[in-house]
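The values are calculated or read from the model by the stated rules, or taken from the named source; none is laboratory data. Here the structure is a predicted model, which means the values were calculated and not measured. All Cβ positions, glycine included, derive from the backbone under ideal geometry; neighbour counts span all protein chains shown. Note: areas computed on protein heavy atoms with side chains; ligands, DNA, RNA excluded. Shrake-Rupley method; radii C 1.70, N 1.55, O 1.52, S 1.80 Å.
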Amino acid sequence: MHVACTDDYALFHVGGRSKADIDAGGVLPGFTGTIVRDGYAAYQHLDEATHAWCGAHLLRDLAGVHEADPGGQSWAEAMANTLLIAKKTTEQAVAAGRDTLTEQEISEICSYYAGALATGRAENPPDRNGDLPRAGKLVERFTNHRDMILRFVLDLAVPFTNNTAERALRPVKLQQKISATWRVLHSLAAFATVRSYLDTAARHGKDALDVLKQLFTTGPWMPPALSS
């Protein structure tokens with residue numbers, strides 16, 4: 001189940017994990033805004049968009065590395081603290097009505113980030129064959145995707161996480177847990193269509209029962225921007 005959403009709209013569609021399946025939703029191809037996403041590689045083909053890495057996913061990855069070896073992976077705790085400091089700093093700036101962080105604030109966050117990476121490289125050297133351990137590969141991710149990871153620091157309009165999409169998926173996971181599976185693909189596709197309708201309506205303050213009743217009587221409720 002794929003989901004693309006904003007504060008006002010949600011679209012679910014069914015497909016595999018390929019680039020073509022992602023594009024089948026008809027929303028992201030040609031999108032030129034900012035996508036807050038996880039690390040799935042197939043999103044990389046959306047090269048007209050600006051990409052930001054979900055901070056919640058990163059924190060979970062860092063916690064997994066640190067909890068497995070607290071003494072040997074201190075960099076992961078330092079990097080997690082850096083992300084949380086950056087998150088708090090951006091939230092305070094937005095609350096104060098500011099459009100950007102100060103150069104000093106950005107410089108401090110970048111310095112903490114660089115320091116955590118330096119420690120991570122020292123704690124995770126490659127083996128004699130040049131291969132990195134799991135934690136070392138995570139260090140490389142933070143090195144290679146620094147701009148994506150810190151996008152929310154440089155652009156305060158970018159959220160720290162993609163929790164909007166994660167919350168939208170919860171009813172899908174709940175249905176999956178209750179029913180274990182969908183027996184036929186077209187049933188899942190129909191479920192995705194219904195969820196798109198109900199979730200979008202909810203984002204506009206509409207009651208699910210009201211919009212379902214309207215759907216089967218006078219016609220579907222439509223978001224204000226699409227009413228015409």
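Put simply, the Cα atoms of the range 51-122 extend 41, 22, 21 Å along their principal axes, the longest span coming first.
Please identify, among Trp182, Trp75, Trp53, the residue showing maximal mean-square fluctuation in a Gaussian network model of the chain using a 10 angstrom Cα cutoff. Among Trp182, Trp75, Trp53, the largest GNM mean-square fluctuation belongs to Trp182.
Given R₀ = 35 Å, FRET efficiency for Met222-Lys177 by Cβ-Cβ distance, to 0.05? Please report the intermediate quantities before stating the final value.
Details: r = 31 Å, r/R0 = 0.89.
The computed FRET efficiency comes out at 0.65.
The accessible surface of the chain, taken with every protein chain in place and a 1.4 Å probe, is 53 percent carbon and sulfur. In percent, rounded to a whole number, the relative contact order of the chain is 25, using alpha-carbon pairs under 8 Å and six or more apart. Rounded to the nearest 20 debye, the dipole size of the chain about its Cα centre is 820 debye, using +1 on the Cβ of Lys and Arg and -1 on the Cβ of Asp and Glu. Distance from the Cα centroid of the range 105-127 to that of the range 24-47 is 28 Å (rounded to whole angstrom). The chain: percent of C-alpha pairs farther apart than 26 Å? So the portion of pairs separated by more than 26 Å is 50 percent. On the basis of the beta-carbon distance and an R0 of 25 Å, Arg134 and Asp38 show a calculated FRET efficiency of 0.90. Note on the chain: GNM, Cα springs under 10 Å; of Pro29, Pro126, Pro159, the largest mean-square fluctuation is that of Pro126.
Remark: the range 73-84, residue by residue, has Karplus-estimated 3J(HN,Hα) of 10, 5, 4, 5, 5, 5, 5, 4, 5, 4, 4, 5 Hz, where x stands for each Gly or Pro and the curve is 6.51 cos²θ - 1.76 cosθ + 1.60 at θ = phi - 60°.
Counting other C-beta atoms within 10 Å, and keeping those with at most 13, which DSSP coil trypsin sites (Lys or Arg not before Pro) do you find in the range 1-61? If you can, show how the numbers build up before the last one.
On the way: sites: Arg17, Lys19, Arg37, Arg60; in loops: Arg17.
Passing both the DSSP loop test and the Cβ count: Arg17.
Estimated translational diffusion coefficient (Stokes-Einstein, Kirkwood radius over Cα pairs, 25 °C, 0.890 mPa s) of the range 144-228: 156 µm² per second.
Backbone geometry of the range 55-69 corresponds, through the Karplus equation with coefficients 6.51, -1.76 and 1.60 at θ = phi - 60°, to 3J(HN,Hα) couplings of x, 5, 4, 5, 4, 5, 5, 5, 4, x, 5, 5, 5, 6, 7 Hz, x marking Gly and Pro.
A Förster radius of 25 Å combined with the Cβ-Cβ distance from Glu108 to Arg60 puts the calculated FRET efficiency at roughly 0.50.
Going Cα to Cα from Lys19, which lysines come in below 30 Å? Please leave out same-chain ones fewer than 8 positions away. Here the lysines satisfying the reach criterion relative to Lys19 are Lys137, Lys173, Lys177.
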